[in-house]
Structures are given as structure tokens and as C-alpha cells.
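The values are calculated or read from the model by the stated rules, or taken from the named source; none is laboratory data. The shown structure was predicted, so the numbers you read here are calculated from the model rather than taken from an experiment. Heads up, the Cβs are rebuilt from the backbone with ideal geometry, glycines too, and the neighbour counts pull from every protein chain shown.
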Amino acid sequence: MADIHSEHNSDNGAAQRKQIWKVFYILSILTAVEFLIAFTIPQGTLKVSIFVGMTIVKAFYIVGEFMHLKHEVKSLIWSILIPCIFVVWLLLALMLEGGSIFSLR
């Protein structure tokens with residue numbers, strides 16, 4: 001009976017380790033692409049937009065995998081996602097409006 005439980009736990013542990021390594025490789029590739037962009041694309045709106053987009057993708061992936069949010073019910077996911085979207089919208093609006101001060105002078 002003990003052999004059955006130890007085999008089940010080792011199979012489960014192997015699957016978890018495989019998933020962890022998969023997440024590690026995906027995040028490593030995204031980070032490498034960010035470094036590539038940082039050193040190849042000249043400074044500007046395109047570069048900032050790419051960085052913001054990739055950071056949001058990485059954040060959602062980390063939250064989904066390590067905080068196990070992707071396994072939750074959809075209503076909980078939306079109750080977390082909608083306020084985050086509004087905060088990002090607020091920050092974008094504040095940055096755009098803050099930048100308009102410099103164009104008036």
C-alpha cells in the first residue's frame with residue numbers, strides 16, 4: 001500500500017516540476033526578448049509601448065501560474081482584473097494629461 005502512494009506522489013511531483021520549468025523557460029524567453037528590444041530599438045514611444053505590453057503579459061502569466069488565479073472561477077478573475085484595468089487607464093490618463101503641461105509652454 002505504501003508503494004502505491006509513493007508512486008503517485010512522485011508522478012505528481014514530476015508533473016509539478018515540469019510545469020515549473022515550463023514557466024521558467026517562458027519567462028526567461030520573454031525577459032531575453034525585453035533585453036534584445038532594450039538594446040536594439042531606439043528610445044521612443046514604440047519601445048515604451050512594447051515594454052509596457054510585455055510587462056503586463058509577464059505579470060498576468062506570473063499571477064496565473066504562481067498565484068493559481070487561472071484555476072479560479074471566472075467571477076474572481078474578473079473581480080481582480082477590472083480594477084487593475086481601471087488603474088492602468090487612470091495612470092495612462094494622468095501621464096497623458098501631465099504631459100500636456102509641457103506642450104502649453
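Can you list residue pairs whose Cβ atoms sit under 7 Å apart, with the first residue in the range 51-62 being free of Cβ contacts under 8 Å to residues at least 24 places away in the same chain and the second being surrounded by 12 or more Cβ atoms within 10 Å (Cβ to Cβ)? Count only pairs 6 or more apart in sequence or on different chains.
As it stands, the answer is Phe51/Glu34, since those pairs meet every condition given.
Filter the range 24-61 for residues that are under 17 Å from the mean Cα position of the chain (by Cα) and farther than 18 Å from Val88 by Cα and give the result.
Going through the range 24-61, the residues under 17 Å from the mean Cα position of the chain (by Cα) turn out to be 24-35, 48-61.
Matches in the range 24-61: Phe24, Tyr25, Ile26, Leu27, Ser28, Ile29, Leu30, Thr31, Ala32, Val33, Glu34, Phe35.
For Ile85, state whether it is free of Cβ contacts under 8 Å to residues at least 60 places away in the same chain, under 30 Å from Trp21 (Cβ atoms) and either in the same structural domain as Gln19 (by TED's automatic domain parsing) or part of a helix (DSSP H, G or I) (or both). Break it down into steps so the answer makes sense when it comes.
Working: free of Cβ contacts under 8 Å to residues at least 60 places away in the same chain: yes; under 30 Å from Trp21 (Cβ atoms): no; either in the same structural domain as Gln19 (by TED's automatic domain parsing) or part of a helix (DSSP H, G or I) (or both): yes.
The answer is no for Ile85.
What tally of residues in the range 62-76 results from selecting those that are surrounded by 10 or more Cβ atoms within 10 Å (Cβ to Cβ), over 14 Å from the mean Cα position of the chain (by Cα) and either within 19 Å of Leu27 (Cα to Cα) or of a type in the set (A, V, I, L, M) (or both)? Talk me through it step by step, then tell me what you get.
Taking the range 62-76 as the starting set, the residues that turn out to be surrounded by 10 or more Cβ atoms within 10 Å (Cβ to Cβ) are 62-67, 69-70, 72, 76.
From what's left, over 14 Å from the mean Cα position of the chain (by Cα): 72, 76.
With the extra rule that they be either within 19 Å of Leu27 (Cα to Cα) or of a type in the set (A, V, I, L, M) (or both), the set shrinks to 76.
Count: 1.
Looking only at residues that are aliphatic (A, V, I, L, M) and under 13 Å from Val57 (Cβ atoms) in the range 24-36, which one is surrounded by the fewest Cβ atoms within 10 Å (Cβ to Cβ)? If you could, list the steps in order and put the result at the bottom.
Of all residues in the range 24-36, those aliphatic (A, V, I, L, M) come to 26-27, 29-30, 32-33, 36.
Pick out the ones that are also under 13 Å from Val57 (Cβ atoms) and you get 26-27, 29-30, 33.
Values: Ile26: 14, Leu27: 14, Ile29: 10, Leu30: 14, Val33: 12.
Filtering first and then ranking leaves Ile29.
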